[in-house]
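The values are calculated or read from the model by the stated rules, or taken from the named source; none is laboratory data. Since the model is a prediction, treat every value here as computed from it, not as a measurement. Here the Cβ positions follow ideal geometry from the backbone for every residue, glycine too, while neighbour counts run over all protein chains shown.
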Amino acid sequence: MKRVLFVLFTAAALVGAVARPGNVSPTLAPVLAARRWIGRPVRSADLAGKVVVLDVFTVDCINCRNVVPTLRALYAADRAKGLAIVGIHSPETPVEQQRGYVTENLRAQGITWPVAVDNAFTLWNAYGVDAWPTQLFFDRHGRLRKIIVGDSQDDAVRATVEALLSEK
């Protein structure tokens, strides 16, 4: 009986980690409206026709740091194939609201894609995020196709990007 409950609990947790209902903006409009950026601001033309991964994170979060190597590898391998990654930095602590601190940590982690600064949690709320890290995957038509919450899901992240890049 305990094993059955464990399996059911684990399955429910995994379903919640990859698909979430309701209160999520299904478009890229919120991130395109962001006013504060580290790196070049992202515009609509930058994302048109691309598979877009929005990575909602904070620089000191260990779970967020665990996702970075996979995102870096995908960005290096698939950028020329039409992959765009856009970070959304939503800080957990006061020091993470300091631009210099965030910029230095981005450099140290090798994050070279544009990062929207979300100190007021405007984007966090628009996309219905409730945990770090969260990746939102948009297809080449700008439609939200999948949400993955948490780390240690590198295979799912890679598979999602590969599947979306293979679509016409």
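In segment 31-83, what residues are under 16 Å from residue 155 (Cα atoms), charged (D, E, K, R) and either at pLDDT below 95 or over 14 Å from the mean Cα position of the chain (by Cα) (or both)?
Hit for segment 31-83 is 78, nothing else.
Give segment 34-74 a look and list any residue that's out of contact with any Leu (no Cβ under 6 Å at 6 or more places or on another chain), of a type in the set (Ser, Thr, Tyr) and surrounded by fewer than 19 Cβ atoms within 10 Å (Cβ to Cβ), or say none.
70
Report whether or not residue 28 is closer than 16 Å to residue 139 by Cα, modelled with pLDDT of 95 or more and in contact with a Phe, Trp or Tyr (Cβ under 8 Å, 6 or more places away or on another chain).
yes
When both residues are 6+ apart or on different chains and their Cβ atoms are under 6 Å apart, which pairs have a first residue that lies in segment 32-59 and is closer than 28 Å to residue 151 by Cβ, and a second that is among the acidic types (Asp, Glu) and exposed (fewer than 15 other Cβ atoms within 10 Å of the Cβ)?
Pairs found: 58/92.
Considering segment 112-139 alone, what residues qualify as being touching a residue at least 24 places away in the same chain (Cβ under 8 Å), among the hydrophobic types (A, V, I, L, M, F, W, C) and within 16 Å of residue 36 (Cβ to Cβ)?
113, 115, 116, 117, 121, 123, 124, 126
Which pairs do you get when a residue that is closer than 16 Å to residue 80 by Cα and in contact (Cβ under 8 Å) with a residue 40 or more places away in the chain, found in segment 147-166, comes within reach of a residue that is buried (at least 20 other Cβ atoms within 10 Å of the Cβ) and among the β-branched types (Val, Ile, Thr), reach meaning Cβ atoms under 6 angstrom, with the pair 6+ apart or on two chains?
164/51; 165/51
Among the listed residues 100, 142, identify the single one that is surrounded by fewer than 19 Cβ atoms within 10 Å (Cβ to Cβ), of a type in the set (Gly, Ala, Ser) and in contact (Cβ under 8 Å) with a residue 40 or more places away in the chain.
Just a single option satisfies the conditions, and that option is 142.
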